[in-house]
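Structure below; questions to follow.
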Amino acid sequence: MHNYDNAQELTKALSPDIPVLLNRPHAARRAARYFVEQFPGRSLYAVKANPSPELLKLLYNEGVTHFDVASLEEVRLVRAILPEAELCFMHPIKSEASIREAYYDHGVRVFSLDSIDELEKIERATDNAEDLTLCVRLKVASEFSQISLASKFGIDVDDSTALLMRARQTADALGICFHVGSQAMTPLAYVHALERVRMAIVEASVTVDIVDVGGGFPSIYPDMEPPSLNHYFSAISRTFEDLPISYSAELWCEPGRALAAEYNSLIVKVEQRRGNELYINDGAYGTLFDAAHIGWRFPVKLIGGTSPDAASTEYSFYGPTCDDMDHMAGPFILPDDVKTGDYIEIGMLGAYGSAMRTKFNGYGSIDDYDVIDEPMASVYVGENLDRTNRENVVSFPGA
Ligand SMILES: *Cc1c(COP(=O)(O)O)cnc(C)c1O
């Protein structure tokens, strides 16, 4: 396959009529290396953010050898691509058949749960296996995150004692996990959640072998510039070290967004302009699901734009399907002379972008190419590597 340096070179050569996904392997490798080297514990990749086989292999080759999978299909997918990978089935509500297949056919030993029901399911499906790592999912607040994960899963600290004690009897290793919500804008999210972990451990007086702080690590989007990841890591590390757990207890995390966001951008074509509404060839049922359904603002760039200081305008986008909901409100800032036939690059779509595509209404076909230029933003280069946003950073007495 022929590859290109960047979006401009590609559109010049191909004038693509369907959307094109651009892969940036160098950006994914850099993200993986950062987590492997800097996170003070083990990093599991949350596969749902982007299950692309190329991405899974890249991450694995950079040292991300553990994967957070949440469905039997994800278990099968990762196992087929990476026979040696460690798979952790971190969906707290699973079918008994999927637990059984994961355990017996794919070597899965790590399971999460948030109820006695699920514990009994796991015991039955594994025929009371004695080599299980069981992670009890605690409910924590999502107040510091852009996307809540607080209501669906997790057991309240106040109700967790019996479950922790029961799980301790079944488990070879016992973990506690949580998810602070996606795109957590301050390290405080993790500090608060770990305080709940402390309360749960103290109440249940159980030995805990693993504390898993989940995903939520942020990327950069317009008007969403988080402090740099090292602040998150040090806040987590200090709080973890202070928990009533043994010296050999392990710290885990499950980044999805932070490992995948910079991997993809998207080239779309403007099929028509109506005022400041651009009709483009990808949308709500494709790569731009989050832009449509939760109003996420991704960075945009007119490819081959005329002059750098051309006046700019706020646009919204309509996707290609016949559905009114196929609308991305933005606003997306582009030069004011965008016209039919122009190409736009939309950045930071590696997480929850390419993973969301459907074939609705006959759309959904896409090409993909590797490019070598930088993503539109990166939390792993320059000042973003060491940004201190005073409002968001936790300060520690004596630090
Ligand atoms: C979605 C999910 C993740 C990844 O979350 P990000 O916000 O993308 O980092 C991690 N763990 C679990 C259990 C999840 O459901």
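The values are calculated or read from the model by the stated rules, or taken from the named source; none is laboratory data. Keep in mind that this is a model prediction, so the values were computed, not measured. Backbone-built Cβ (ideal geometry, glycine too); neighbour counts: all protein chains shown. Side chains included, ligands, DNA and RNA excluded: accessible areas come from the protein's heavy atoms. Shrake-Rupley method; radii C 1.70, N 1.55, O 1.52, S 1.80 Å.
Enumerate the amide H contacts of TRP296 below 5 Å, restricted to partners 5 or more residues apart or on another chain; note that Pro and chain-start residues carry no placed amide H.
Amide H neighbours of TRP296: ALA291.
For segment 197-327, build the charge dipole from Cβ charges (+1 Lys, Arg; -1 Asp, Glu) around the Cα centre, then report which of ALA310, ALA260, PRO227 sits farthest towards its positive end.
ALA310
From zero outward in steps of 10 Å, how is the percent of C-alpha pairs of segment 91-253 spread across the bins?
11, 39, 33, 15, 2, 0
Then there is this: Go ahead and set up a Gaussian network model of the chain, Cα springs under 10 Å, then flag whichever of SER228, SER52, SER246 fluctuates most.
Between SER228, SER52, SER246, it is SER246 that shows the largest mean-square fluctuation.
Can you tell me the orientation of helix 188-204 relative to the chain, as the angle in degrees between its alpha-carbon axis and the longest Cα principal axis, to the nearest 10?
Orientation of helix 188-204: about 20 degrees from the principal axis.
Please list the non-local residues whose amide H lies under 5 Å from the amide H of TYR315, H modeled 1.01 Å from N, same-chain partners needing a gap of 5 or more.
Amide H neighbours of TYR315: PHE332, ILE333, LEU334.
Mind listing the phi-derived Karplus ³J(HN,Hα) values for segment 25-30, rounded to whole Hz, using 6.51, -1.76 and 1.60 with θ = phi - 60°, and x for any glycine or proline?
x, 4, 6, 5, 4, 5
Most mobile of GLY382, GLY364, GLY305 per a Gaussian network model of the chain (Cα springs, under 10 Å)?
Sorting by GNM fluctuation, first place goes to GLY382.
Under the Karplus relation 6.51 cos²θ - 1.76 cosθ + 1.60, θ = phi - 60°, what is the ordered set of whole-Hz ³J(HN,Hα) values for segment 278-288, x standing for Gly and Pro?
Per-residue couplings from phi come out as 10, 8, 10, 9, 9, x, 4, 9, x, 6, 9 Hz.
Which of ALA32, ALA141, ALA204 moves the most in a Gaussian network model of the chain with Cα springs under 10 Å?
ALA204
On the protein heavy atoms, probe 1.4 angstrom, tell me the percent of accessible surface of the chain carried by carbon and sulfur.
Carbon-and-sulfur percentage of accessible area, whole number: 48.
Another question, if that's okay. If you take every DSSP beta bridge whose two residues both sit in the chain, what share of them, in percent to the nearest 5, is antiparallel?
If I count the DSSP bridges inside the chain, around 40 percent turn out antiparallel.
On a full-extension model of 0.36 nm per residue, what is the gain between ALA150 and THR358, subtracting their alpha-carbon distance, rounded to one decimal in nm?
On the way: separation 208, 0.36 × 208 = 74.88 nm, distance 2.67 nm.
Using 0.36 nm per residue and subtracting the Cα-Cα distance, I get 72.2 nm.
Something else: Work out the length of the dipole vector of the chain about its Cα centre, built from +1 on the beta-carbon of each Lys and Arg and -1 on the beta-carbon of each Asp and Glu, and round it to the nearest 20 debye. Show your work: numbers first, answer last.
Working: 34 positive and 59 negative charges, 14 e Å.
Computed about the Cα centre, the dipole is about 60 debye.
Still on this structure, I have one more. Describe numerically, in nm with one decimal, the distance between label points set 7 Å from Cα along Cα→Cβ at GLU241 and at GLU203.
Label-label distance for GLU241 and GLU203, simple model: 2.8 nm.
Related question: With runs of 4+ DSSP H residues as the only contributors, calculate the mean residue ellipticity of the chain at 222 nm using -39,500 (n - 2.57) per run, divided by the residue total and rounded to the nearest 500.
That comes out to -8500 deg cm²/dmol.
Residue by residue through segment 334-351, what is 3J(HN,Hα) from phi via Karplus (6.51 cos²θ - 1.76 cosθ + 1.60, θ = phi - 60°)? Round to whole Hz and write x for glycine and proline.
9, x, 7, 9, 4, 9, 3, x, 5, 10, 10, 9, 10, x, 6, 9, x, 9
Amide H to amide H under 5 Å from HIS179: which residues, 5+ apart in sequence or cross-chain, H placed 1.01 Å off N in plane?
Here the answer is VAL140, since their amide H atoms fall under 5 Å of that of HIS179.
Considering only Cα-Cα distances, which of the following residue pairs are longer than 22 Å: LYS121/LYS152; LYS12/LYS301; LYS48/LYS301; LYS269/LYS359; LYS94/LYS359; LYS339/LYS359?
Too far apart for the 22 Å limit: LYS48/LYS301; LYS94/LYS359; LYS339/LYS359.
If you roll a 1.4 Å probe over the heavy atoms of the protein chains, what accessible area per residue do you get for segment 196-289, in Å²?
With the other protein chains kept in place, segment 196-289 gives 33 Å² per residue.
Further question: Given the Cα-Cα distance of ASN276 and SER312 and 0.36 nm per residue of separation, how much length would full extension add, in nm?
Numbers: separation 36, 0.36 × 36 = 12.96 nm, distance 1.11 nm.
Net length gain for the segment: 11.9 nm.
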